[in-house]
Amino acid sequence: MSYKDIVVYLDASDLNEARLETAITLAERYGARLIGVDVSTTAALEGERRERARAIQDAFEERLAQTQVERECRSAGASATTAQDLFAHCTDLIVSSQPHIDSAHLAAPAVPKDVLLNSGVPMLVLPTEWQAGQEIGRSVLLAWNFSRESTRALHDSMPMLAKAEHVTLFIFEPGFDSGDSDVQDVVAHVRRHGIDVTLDGWRNTGEVDVIDAMFASLDRQQSDLIVAGAYGKSPLWERLFGGASEQLLANVSMPLLMSH
């Protein structure tokens with residue numbers, strides 16, 4: 001299993017270059033076709049970034065001409081609102097960024113949250129401070145809770161996990177027991193794919209929340225990617241996509257590979 005088609009969303013923000021470079025790296029890694037989708041809004045095309053917005057497709061072609069990556073560039077149109085409008089269905093992976101407060105108006109508002117929730121395709125969400133050339137996918141933390149969403153995330157991320165040097169299976173449950181047969185089944189399933197995985201389980205006693213536990217695990221394992229299910233109304237989703245969690249997210253420098 002591998003990624004054959006990768007979509008990267010393109011806009012006139014300062015986040016665009018690092019996002020594109022990361023998408024190119026992934027396309028080269030998996031031998032995938034890279035589809036650049038211009039998601040510029042009317043505000044982008046008419047505002048102070050208009051020249052940059054109008055040059056997005058030319059810049060994409062110019063950069064990709066320096067590689068051996070098969071590519072295609074499309075425009076979603078300034079009125080794009082749905083996953084279909086944003087070419088999110090016929091791909092194996094979408095590369096996007098967490099919106100920055102100063103530039104969110106430059107890209108379609110459906111990106112990333114609505115596309116992730118409605119496309120059925122895994123999405124790599126890069127933090128706003130992400131820089132081109134940073135390592136991604138060497139050491140992966142796989143968040144697991146026996147849900148449909150985490151199961152989707154596990155299977156959708158298999159190409160990433162297969163190329164990782166190390167994978168940590170992170171479980172945060174009230175009754176966590178490393179010897180439980182369900183836990184060992186997950187570990188064994190991942191290992192049967194030839195993936196080096198270790199278990200880092202936490203018993204949820206109410207003294208530490210899931211985010212603090214997750215990032216303690218990340219620090220210990222020196223992970224550079226989180227794989228997790230996306231839950232439409234869960235506390236984890238709220239922490240990742242706004243509300244009171246925006247302050248936390250602003251301090252996170254970790255890419256997220258999410259499935260819904």
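The values are calculated or read from the model by the stated rules, or taken from the named source; none is laboratory data. Keep in mind it's a predicted model, so treat the numbers as computed, not measured. Positions of Cβ are backbone-derived with ideal geometry, glycine not excepted, and every protein chain shown enters the neighbour counts.
Looking only at residues of region 117-157 that are in a helix (DSSP H, G or I) and surrounded by fewer than 17 Cβ atoms within 10 Å (Cβ to Cβ), we find that the one that is modelled with the lowest pLDDT is R148. Pairs meeting the criteria (first residue in region 63-84 and exposed (fewer than 15 other Cβ atoms within 10 Å of the Cβ), second residue at pLDDT 95 or above and of a type in the set (K, R), beta carbons under 8 Å, at least 6 apart or on different chains) are E70/R33.
If you go through region 94-116, how many residues are more than 27 Å from E173 (Cα to Cα), crowded, with 23+ Cβ neighbours inside 10 Å and either within 16 Å of the chain's Cα centre (by Cα) or not hydrophobic (A, V, I, L, M, F, W, C) (or both)? Even if it seems obvious, please write down each step before you answer.
The first filter runs over region 94-116 and keeps only residues more than 27 Å from E173 (Cα to Cα), leaving 94-112, 114-115.
Next, from what is left, pick out any that are crowded, with 23+ Cβ neighbours inside 10 Å: 94-98, 106-108, 111-112, 115.
Filter once more, so that each one left must be either within 16 Å of the chain's Cα centre (by Cα) or not hydrophobic (A, V, I, L, M, F, W, C) (or both): 94-98, 111-112, 115.
Final tally of qualifying residues: 8.
Restricted to region 185-199, and to residues there that are assigned to a loop (DSSP other than H, G, I, E, B) and on the phi < 0 side of the Ramachandran plot, the residue that is surrounded by the fewest Cβ atoms within 10 Å (Cβ to Cβ) is R192.
Within region 50-60, which residues are surrounded by 13 or more Cβ atoms within 10 Å (Cβ to Cβ) and out of contact with any helix residue (DSSP H, G or I) (no Cβ under 6 Å at 6 or more places or on another chain)? First the steps, then the outcome.
Residues of region 50-60 surrounded by 13 or more Cβ atoms within 10 Å (Cβ to Cβ): 50, 52-54, 56-57, 59-60.
R50, R52, R54, I56, Q57, A59, F60, listed by residue number.
Among residues of region 12-24 being surrounded by fewer than 19 Cβ atoms within 10 Å (Cβ to Cβ) and not in a loop (DSSP other than H, G, I, E, B), the one that is nearest to the chain's Cα centre (by Cα) is E21. Every condition in (1) in a helix (DSSP H, G or I); (2) more than 25 Å from the chain's Cα centre (by Cα); (3) surrounded by 14 or more Cβ atoms within 10 Å (Cβ to Cβ); (4) not β-branched (V, I, T) holds for F176 except the one numbered (1). Note on region 221-244: residues that are at pLDDT 80 or above and either farther than 18 Å from L126 by Cα or assigned to a strand (DSSP E or B) (or both) total 6. Among what's in region 194-221 and is of a type in the set (D, E, K, R) and more than 21 Å from the chain's Cα centre (by Cα), pick the residue that is farthest from A164 (Cα to Cα). Looking at the filtered set, the residue picked out is E207. Criterion first (in a helix (DSSP H, G or I), in contact with a Leu (Cβ under 8 Å, 6 or more places away or on another chain), buried (at least 17 other Cβ atoms within 10 Å of the Cβ) and not polar (S, T, N, Q)) does A27 satisfy it? Spelling it out, A27 is indeed in a helix (DSSP H, G or I), in contact with a Leu (Cβ under 8 Å, 6 or more places away or on another chain), buried (at least 17 other Cβ atoms within 10 Å of the Cβ) and not polar (S, T, N, Q).
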